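Contents: one structure, followed by commentary.
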Amino acid sequence: MKKTALITGATSGIGEATAYEFAKHGINLILCGRRLERLNTIQKALNRLTNVHILNFDVRDKAKTLEAIESLPDAFKNIDILINNAGNAHGLDTINEGNIDDWDAMMDINVKGLLYVSKAVIPQMTTRQSGHIINIGSSAGKEVYPKGNVYCASKHAVLAITEGMRIDLNPFGIKVGAVNPGFVETEFSQVRFKGDKIAGSVYNGFKALQAKDIAEIIYFVISRPPHVNIADLLVFPTAQANSTIVKKTN
Ligand code: NDP
Ligand code: 8X3
């Protein structure tokens, strides 16, 4: 039987690429995000390959998140795979210069939003005693880099939540894991730097990971046999050694 996956942050970058990768493999898709036009475009493109339902909500809005997932039509109600991907960095500042609204955004989206979506999906997985949850963490969840403070904290929280989920959902046979990328060339830096031209230079001088690279890894993780759970996966571009060391050509 065809599986159904819910992907948050499916309107760009890693989430969008994962939607394309899953569609290629015939997985039914529930695609989420705030930018409705993009959801419509992606749905149109992928409908040829699989069944696609879109949910348009902001993960910061607890009530809307629960309501949206509750509203799923019967054909999409049983979610086998949850990809908690929605998230971003907002700003790159020292803790003394950081912006409180940026801090709120990162904690509200990357941490609380992930929890709200999980809260809406987990009960049906525990009832069915099956399911697979992948949280998109980051290398920033493994180490703290200068000016990364709150973004790194949010991604450390994602990893702690992932471990907690794996423990608590273990009796129900639910797989839980994290995929933690280093630099991936998406809209991430446009968002972090609020459209400033510096965003365009983040990936200069080396070959960053592409969203498709991560999507293929996520598909690999979800396509392992039932007894195999990839609990935690860290992936860098070859040029990157850690959060601060990158071999550049210029
Ligand atoms: P993008 O900016 O390209 O994608 C972010 C996605 O998150 C968009 O689809 C966006 O959709 C969604 N999103 C953001 N805020 C909200 C919100 N409030 N409610 C609902 N959806 C939201 O970045 P990436 O693809 O790179 O990021 C995806 C994940 O990967 C993030 O969790 C990020 O932290 C993580 N990551 C990224 C790395 C990188 O270098 N790019 C490296 C390591 C981890 P919309 O705006 O339409 O709502
Ligand atoms: C994104 C990777 O190093 O830009 O999570 O924070 S980094």
Filter segment 166-205 down to the residues that are among the hydroxyl-bearing types (S, T, Y) and either touching a Leu at 6+ places or on another chain (Cβ under 9 Å) or within 11 Å of ligand 2 (Cβ to nearest atom) (or both), then identify the one that is nearest to S118 (Cα to Cα). T186
Unique match (being of a type in the set (K, R), touching a Gly at 6+ places or on another chain (Cβ under 7 Å) and surrounded by fewer than 18 Cβ atoms within 10 Å (Cβ to Cβ)) among R48, R60, R35: R60
Sort out which residues of segment 123-138 are in a helix (DSSP H, G or I) and surrounded by fewer than 20 Cβ atoms within 10 Å (Cβ to Cβ), and write them in order of number. P123, Q124, T126, T127, R128
Flag if I54 is closer than 28 Å to A140 by Cβ and in contact with a strand residue (DSSP E or B) (Cβ under 7 Å, 6 or more places away or on another chain): no
Tally of residues being more than 12 Å from ligand 1 (Cβ to nearest atom), among the charged types (D, E, K, R) and exposed (fewer than 15 other Cβ atoms within 10 Å of the Cβ) across segment 74-116: 4
Could you tell me which residue of segment 206-227 is farthest from the chain's Cα centre (by Cα), considering only residues that are surrounded by fewer than 18 Cβ atoms within 10 Å (Cβ to Cβ) and within 15 Å of ligand 2 (Cβ to nearest atom)? F206
Find the residue count for segment 155-188, including only residues that are part of a helix (DSSP H, G or I) and in contact (Cβ under 8 Å) with a residue 40 or more places away in the chain. 11
Across segment 190-218, the tally of residues that are assigned to a helix (DSSP H, G or I), closer than 21 Å to A241 by Cβ and free of Cβ contacts under 8 Å to residues at least 40 places away in the same chain stands at 3
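Where a number appears in this text, it was derived from the coordinates with a stated rule and is not lab data. Predicted model only: the values in this text are computed from it and were never measured. Every residue, glycine among them, receives a Cβ derived from its backbone with ideal geometry; neighbour counts consider all protein chains shown.
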